[in-house]
C-alpha cells in the first residue's frame, strides 16, 4: 500500500484538537497522520507518492446536507442544456443537434434558460431577444419531435415553450381559452397559439389542475438518463469540493434504488447518506395517503433504512414534509400572505396533524432518526406541540433528530427544538434567493427570523449547510452565511441574529455537518478519518469575503482517490 504525502500548503484540519498543520499523510483511503512537514515525511516513508499543493490550502472535503444531487441530475439528464444559451438561434441549433440523434416522434426536453433554480441572476429575459422562442421558431429546429423548454421550481409564476408538435402531444389547440385555472395560454392577435404558457407551469410544487393534466402527458425520465444525469451532477459537486451529500428530502424508493445501483456498479464519486420521505408531496399528482396507508408505509420504509455500514452509501432515518415553499403559495403563515398570483393565502398543509403525530410516535418508539422538513412559523408550532407531548411518553432527547429547512424560526421555537435534542440543516441561500420575495409577500417583518444562523448557534444548536435550490456553489453559500445578501438587490439581512463568523460558516460545511449527520469519519482531517481532501487555491478563512465565492478547487480526493483534478497540482 503506497502512502500519499501532501505538502506545500497550509493544512486546515477543522479538527479542534489540531486546527492547522504543514502536511498530511493518506493511506488506505484514510488519513494516516497530520502534522509538521518533517515528521510527516518520516511517517509517509521514502516510497510515498508526493503531492505539492503549490501554496494552496489543504482541507477536508465539503459536506452538503441539502444537495438534491439525484433530483437535479434526473431533471437535467438527457435534456438539451439551455442554461447558458444566448439567443434563439443558439437554442434552435442545440435542439436541432439533439433531433439528429433522436428517433422521430420522441420528445425532446430542454432545461430552462439561465441559472438554476431561482433564475434571478440569469433567465430567459437575458436572451438577446429577451424572451423564449415560440413554436414557429422552435419548429425550425424540428417538426418531427415534440419539443418543450421546461420551467423548474421554485420560481413561480414561470414560463414554458412548446413547438407545434409539442402542443399537439399535450392536446392544446387554438380553441382553448386564453386562461385555464391559473395558466395563461399566449396567443397571437388573430388567436393562434404561440407555444408559450405562463403561470404555475413548473415541473414540481405545482398542483394547478389544468397544468397537472399536461404534466401527466410529458415523458418520465428514463433510467439511463437518470443515471447519466446523476453521475454528471456528482461530477459538478466534486468539482466544487463536495465529497458527501445528505439526501434527506423527497427521496422515494426508486431514488434510493438508483443510488444502490450506482453503488453496486462502482460509479459513486461522492459519499451519500439518505432517508426515505414517508409521503412525498412535491410531484404531481399528489393524492394523500389514508391514515392506514401512511401507517403501513412507515413500517415498510423503516425496514429499508438504518444501514450505516457502507462507507459510500448509508441510510439513516425517515423524513416527513408537512408543507411547501412560499414561492408556490404553500408557506404556512398565521396572517394571510400573497400567493404567486396576488391572492391571500395562509398556506397549505400537505400532511395532516394526525399523520404527523403518528410519524413522531413511530420514530420515538422504534428508535428511528426523524428528519423534519419545516420552514414556516405555523409548521414549527404544530410540530413542536406534538413533539413535546410525545416526549413525555418517549424520551428521544438523545436521538439527535434533524430539523431541515428552518427557513424562518423564532427564538422561542429555536429554544424548544434545542430542548428536544434537535440539530439543524439549512441553506443560507434561502435568504439569498427568497428574501426579497418574503418581504413582498409576507412582509419585511419576516426578515427578523429569516435564516437566523447566529441565533441558532448561540442557543447551542449544531448547524449544517446545504445548497438546495441554489446557489449551487458551496463557497458562495459559506459567504452568504456571513453576508446574508439578497439576490438582485443591495439589501443585506446581516443582523446579529443572522451573520456567522467565517469559521462557523465553514464548519457548517465540514465538521458541523458531520456532527449533524452522525458521521464521525468525515468533516475534518484527523488520523483515522476518511481521506476526503481538497486542495483549493485560496484560504477560505482569511481571503477577502468578496473573493470567497470564486474559490477554485484544484483537486478533490474521495477516500484517497482523485475524483476531480485541474492538473494544476504537482503530483
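The values are calculated or read from the model by the stated rules, or taken from the named source; none is laboratory data. Being a predicted model, the structure only gives us computed values, none of them experimental. Every residue, glycine as well, gets a Cβ built from its backbone with ideal geometry; the counts of neighbours run over all protein chains shown.
Residue 170 meets the conditions (1) closer than 23 Å to residue 220 by Cβ; (2) touching a residue at least 40 places away in the same chain (Cβ under 8 Å); (3) crowded, with 18+ Cβ neighbours inside 10 Å in every case but one. The failed one is (3). Residues in region 282-296 that are surrounded by fewer than 16 Cβ atoms within 10 Å (Cβ to Cβ) and not in a loop (DSSP other than H, G, I, E, B): 291, 292, 293, 296. Among residues of region 436-448 that are assigned to a helix (DSSP H, G or I), those with a beta-carbon under 6 Å from a residue that is modelled with pLDDT under 95 at least six positions away or on a different chain give the pairs 436/489.
Candidates 267, 227, 232, 174: the one that is in a loop (DSSP other than H, G, I, E, B) and closer than 30 Å to residue 551 by Cβ is 267.
For region 301-313, the criterion of being over 30 Å from residue 30 (Cα atoms), assigned by TED's automatic domain parsing to the domain that holds residue 383 and in a strand (DSSP E or B) is satisfied by no residue at all. Every test in (1) over 15 Å from the mean Cα position of the chain (by Cα); (2) closer than 22 Å to residue 363 by Cα; (3) touching a residue at least 60 places away in the same chain (Cβ under 8 Å) is passed by residue 273 save one, and that test is (1). Residues considered: 332, 337, 303. Of these, the only one that is closer than 26 Å to residue 387 by Cα and more than 24 Å from the chain's Cα centre (by Cα) is 303.
Out of all the residues in region 447-458, is one or more touching a helix residue (DSSP H, G or I) at 6+ places or on another chain (Cβ under 6 Å), outside the structural domain of residue 115 (by TED's automatic domain parsing), crowded, with 24+ Cβ neighbours inside 10 Å and on the phi > 0 side of the Ramachandran plot? So far as region 447-458 goes, yes, one or more of its residues are touching a helix residue (DSSP H, G or I) at 6+ places or on another chain (Cβ under 6 Å), outside the structural domain of residue 115 (by TED's automatic domain parsing), crowded, with 24+ Cβ neighbours inside 10 Å and on the phi > 0 side of the Ramachandran plot.
Checking the condition more than 25 Å from residue 13 (Cα to Cα), surrounded by fewer than 24 Cβ atoms within 10 Å (Cβ to Cβ) and touching a strand residue (DSSP E or B) at 6+ places or on another chain (Cβ under 7 Å), which residue from 80, 57 passes? Walk me through how you get there before you give the answer.
Numbers: 57 fails: more than 25 Å from residue 13 (Cα to Cα).
Result of the check over 80, 57: 80.
The condition of being outside the structural domain of residue 288 (by TED's automatic domain parsing) and not in a strand (DSSP E or B) holds for residue 207. Please verify whether residue 93 is in a helix (DSSP H, G or I), surrounded by fewer than 21 Cβ atoms within 10 Å (Cβ to Cβ) and either in the same structural domain as residue 312 (by TED's automatic domain parsing) or at pLDDT 95 or above (or both), treating the condition exactly as stated. So residue 93 fits the description; yes.
If you go through region 181-197 and keep only what is farther than 14 Å from residue 136 by Cα and within 32 Å of the chain's Cα centre (by Cα), you end up with 181, 182, 183, 184, 185, 197. Of note, residue 489 satisfies the criterion of being within 23 Å of residue 115 (Cβ to Cβ) and surrounded by fewer than 24 Cβ atoms within 10 Å (Cβ to Cβ).
Residues of region 60-77 that are outside any loop (DSSP other than H, G, I, E, B) and in contact with a strand residue (DSSP E or B) (Cβ under 7 Å, 6 or more places away or on another chain): 60, 62, 63, 64, 69, 70. Take residue 22 and tell me if it is within 20 Å of residue 220 (Cβ to Cβ), modelled with pLDDT of 95 or more, over 22 Å from the mean Cα position of the chain (by Cα) and outside the structural domain of residue 478 (by TED's automatic domain parsing). Answer is no for this residue.
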